[in-house]
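**Q** Here it is, the structure, as structure tokens.
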Amino acid sequence: SCFRFISHRKLLWSASAFQISCGFAIRERTSEMNSSLGRTRRRTSPYFPSPVASSAAVSNISAETTEEETGAKSNGKRKLKGQKPSASTKKNKQAKVKVERTKSFEPKWWGNVINDGSEYPPVHTLILGTHPSITSLSKNEMYGHPLNAFWYLAGDAIGFRRSASVSPKTGKPYVYYHDHLRYDDGHILEYSQQLERIVAKGFAMWDIVAECEREGSLDQDILEEKPNQIREFCEGTLNNIKESAVKRIVIANGTTGSKFFVKHFTEWFVDGRLCAASDDMSQRAFKTVMNKQRKANGDIASKEDNGVIEVVCLPGVSPAAAKFTYLEKRAAWEA
């Protein structure tokens with residue numbers, strides 16, 4: 001504070017006057033004090049000599065110095081506020097806590113969801129989550145968390161309602177969705193009916209990560225992952241799925257999901273068989289890998305090219321993706 005500064009300056013001026021009057025004696029005394037203090041840090045002005053400290057002050061300064069030095073040494077190991085844990089930190093944490101590997105669902109498309117003998121459009125769009133949450137795995141439902149936006153978005157687009165969007169615990173509506181859904185409670189469908197409705201339109205659903213170790217449900221905590229055979233699915237060679245004519249891959253969990261996709265399918269991009277969608281979010285998410293494609297091939301692929309699949313990064317449907325409102329997510333998903 002300013003008061004402390006004024007007192008400090010007065011103390012310094014008094015010490016300076018005392019040194020001038022005493023001559024060499026004060027210098028010798030100061031030398032003795034310096035040697036007794038060792039390397040103790042003292043906050044002094046560069047324009048005035050240090051004041052003589054009392055024994056109590058010496059004790060306080062030494063204690064303060066020790067604390068500062070200890071903090072400085074340990075500062076490099078201390079996690080700063082807001083700093084993300086490194087991969088090594090995550091692995092060390094996983095080593096201490098035994099985490100079971102979890103596996104994703106099988107791909108969902110009309111060929112293995114609807115068994116009425118009818119023919120449906122070839123699969124044109126593959127929607128990819130990252131890896132099922134704990135809730136989804138326990139319910140055996142894709143995007144099973146009640147606050148996940150996916151089924152609300154799908155319902156608004158193709159004519160149904162996921163649920164009443166009311167919390168079973170509190171009886172209160174989910175304000176994030178409740179007043180923004182297009183269809184009333186009379187259009188609510190069961191999960192199996194919702195799944196049939198969406199795959200009948202030529203959509204397929206799967207996950208980027210086939211299996212992994214993860215404590216909790218956040219994508220950022222995924223470790224030791226293995227990807228699903230997404231390229232084989234899109235090319236129709238997985239389980240002899242001949243009805244696949246995928247023209248678009250949608251990353252349902254935003255930039256985090258896009259990072260996992262690029263990590264495991266960079267070669268697919270570099271081969272010129274994938275291209276980033278033209279919207280700003282997709283261009284940012286896939287900028288680096290598209291530059292690799294340009295460097296390897298001299299140009300970048302386009303969705304108009306024969307056999308090229310467009311990859312779209314959309315705002316995440318997870319409840320953790322709270323950066324976007326429901327209406328913003330819906331506008332992006334329906335664009």
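**Q** Go through the residues of region 85-101 one by one and say whether even a single one is over 29 Å from Ile309 (Cα atoms), modelled with pLDDT of 85 or more and not charged (D, E, K, R). Even if it seems obvious, please write down each step before you answer.
**A** From region 85-101, those over 29 Å from Ile309 (Cα atoms) are 85-101; that's our starting set.
This time we only want the ones that are modelled with pLDDT of 85 or more, so: 100-101.
Now narrow it down to the ones that are not charged (D, E, K, R): none.
For region 85-101, residues over 29 Å from Ile309 (Cα atoms), modelled with pLDDT of 85 or more and not charged (D, E, K, R): absent.
**Q** Only one of (1) within 27 Å of the chain's Cα centre (by Cα); (2) in a helix (DSSP H, G or I) is not met by Ser217, so which one is it?
**A** (2)
**Q** Filtering region 184-213 down to residues that are of a type outside the set (Val, Ile, Thr), within 16 Å of Tyr143 (Cβ to Cβ) and part of a loop (DSSP other than H, G, I, E, B), which residue is least open to solvent (accessible area, probe 1.4 Å)? Let's see the steps before the verdict.
**A** Pass one, region 184-213, residues of a type outside the set (Val, Ile, Thr): 184-187, 189-197, 200-207, 210-213.
Among the residues that remain, those that are also within 16 Å of Tyr143 (Cβ to Cβ) are: 189-197, 203-207.
Now drop any that are not part of a loop (DSSP other than H, G, I, E, B), which leaves 189-190.
On the way: Leu189: 34, Glu190: 126 Å².
Restricting to residues being of a type outside the set (Val, Ile, Thr), within 16 Å of Tyr143 (Cβ to Cβ) and part of a loop (DSSP other than H, G, I, E, B), the top hit is Leu189.
**Q** Inspect all residues belonging to region 224-237 and state whether any of them is outside any loop (DSSP other than H, G, I, E, B), over 20 Å from the mean Cα position of the chain (by Cα) and free of Cβ contacts under 8 Å to residues at least 12 places away in the same chain.
**A** Let us first name the residues in region 224-237 that are outside any loop (DSSP other than H, G, I, E, B), namely 224-227, 230-234.
In the following step, the residues that additionally are over 20 Å from the mean Cα position of the chain (by Cα) were identified as 230-234.
In the following step, the residues that additionally are free of Cβ contacts under 8 Å to residues at least 12 places away in the same chain were identified as 232.
Yes, region 224-237 contains a residue that is outside any loop (DSSP other than H, G, I, E, B), over 20 Å from the mean Cα position of the chain (by Cα) and free of Cβ contacts under 8 Å to residues at least 12 places away in the same chain.
**Q** Mind listing whichever residues of region 283-335 are over 17 Å from Gly129 (Cβ atoms) and small (Gly, Ala, Ser)?
**A** Ala296, Gly298, Ala301, Ser302, Gly307, Ala322, Ala331, Ala335
**Q** Right, another one. Which of the residues belonging to region 133-166 are assigned to a loop (DSSP other than H, G, I, E, B), open to solvent by 10 Å² or more (accessible area, probe 1.4 Å) and more than 15 Å from Ile198 (Cα to Cα)? Before you say what the answer is, go through the steps one by one.
**A** Of all residues in region 133-166, those assigned to a loop (DSSP other than H, G, I, E, B) come to 133, 140-149, 159-160, 162-165.
With the extra rule that they be open to solvent by 10 Å² or more (accessible area, probe 1.4 Å), the set shrinks to 133, 140-141, 143, 145-148, 159, 162-164.
Matches in region 133-166: Ser133, Asn140, His145, Pro146, Leu147, Asn148, Ser163, Ala164.
**Q** List pairs: first in region 170-183 and under 16 Å from Glu334 (Cβ atoms), second among the acidic types (Asp, Glu) and open to solvent by less than 60 Å² (accessible area, probe 1.4 Å), Cβ under 9 Å, 6+ apart or cross-chain?
**A** Sorted first by the residue in region 170-183, then by its partner, the pairs are His180/Asp156; Leu181/Asp156; Arg182/Asp156; Tyr183/Asp156.
**Q** When Gln229 is evaluated against the numbered criteria (1) surrounded by 16 or more Cβ atoms within 10 Å (Cβ to Cβ); (2) touching a strand residue (DSSP E or B) at 6+ places or on another chain (Cβ under 9 Å); (3) within 30 Å of Asn115 (Cβ to Cβ), which criterion, by number, is the only one it fails?
**A** (1)
**Q** Let me ask something else. Consider region 240-275. How many of its residues are surrounded by 14 or more Cβ atoms within 10 Å (Cβ to Cβ) and either over 16 Å from Phe203 (Cβ atoms) or free of Cβ contacts under 8 Å to residues at least 60 places away in the same chain (or both)?
**A** Adding up the residues that qualify gives 21.
**Q** Do you know which of the residues in region 304-330 that are among the basic types (Lys, Arg) and either at pLDDT below 90 or under 21 Å from Leu218 (Cβ atoms) (or both) is farthest from the chain's Cα centre (by Cα)? I'd like the intermediate steps shown before the answer.
**A** Residues of region 304-330 that are among the basic types (Lys, Arg), as a first pass: 323, 329-330.
Now narrow it down to the ones that are either at pLDDT below 90 or under 21 Å from Leu218 (Cβ atoms) (or both): 323, 329.
On the way: Lys323: 12, Lys329: 17 Å.
If we take residues in region 304-330 being among the basic types (Lys, Arg) and either at pLDDT below 90 or under 21 Å from Leu218 (Cβ atoms) (or both), then Lys329 is farthest from the chain's Cα centre (by Cα).
**Q** Just to check your reading of the model, which residue among Ser318, Ser302, Ser278 is among the polar types (S, T, N, Q) and surrounded by 20 or more Cβ atoms within 10 Å (Cβ to Cβ)? First the steps, then the outcome.
**A** On the way: Ser302 fails: surrounded by 20 or more Cβ atoms within 10 Å (Cβ to Cβ); Ser278 fails: surrounded by 20 or more Cβ atoms within 10 Å (Cβ to Cβ).
The conditions single out Ser318.
**Q** Does at least one position in region 119-131 carry a residue that is buried (at least 18 other Cβ atoms within 10 Å of the Cβ), at pLDDT 95 or above, in a loop (DSSP other than H, G, I, E, B) and in contact with a Cys (Cβ under 9 Å, 6 or more places away or on another chain)?
**A** There is at least one residue in region 119-131 that is buried (at least 18 other Cβ atoms within 10 Å of the Cβ), at pLDDT 95 or above, in a loop (DSSP other than H, G, I, E, B) and in contact with a Cys (Cβ under 9 Å, 6 or more places away or on another chain).
The values are calculated or read from the model by the stated rules, or taken from the named source; none is laboratory data. This structure is a prediction, so every number in the text was calculated from the model and none was measured. Counting neighbours? That spans all protein chains shown, and the Cβs are built from the backbone with ideal geometry, glycine included. These accessible areas exclude ligands, DNA and RNA; they are computed on the full protein's heavy atoms, side chains included. Shrake-Rupley method; radii C 1.70, N 1.55, O 1.52, S 1.80 Å.
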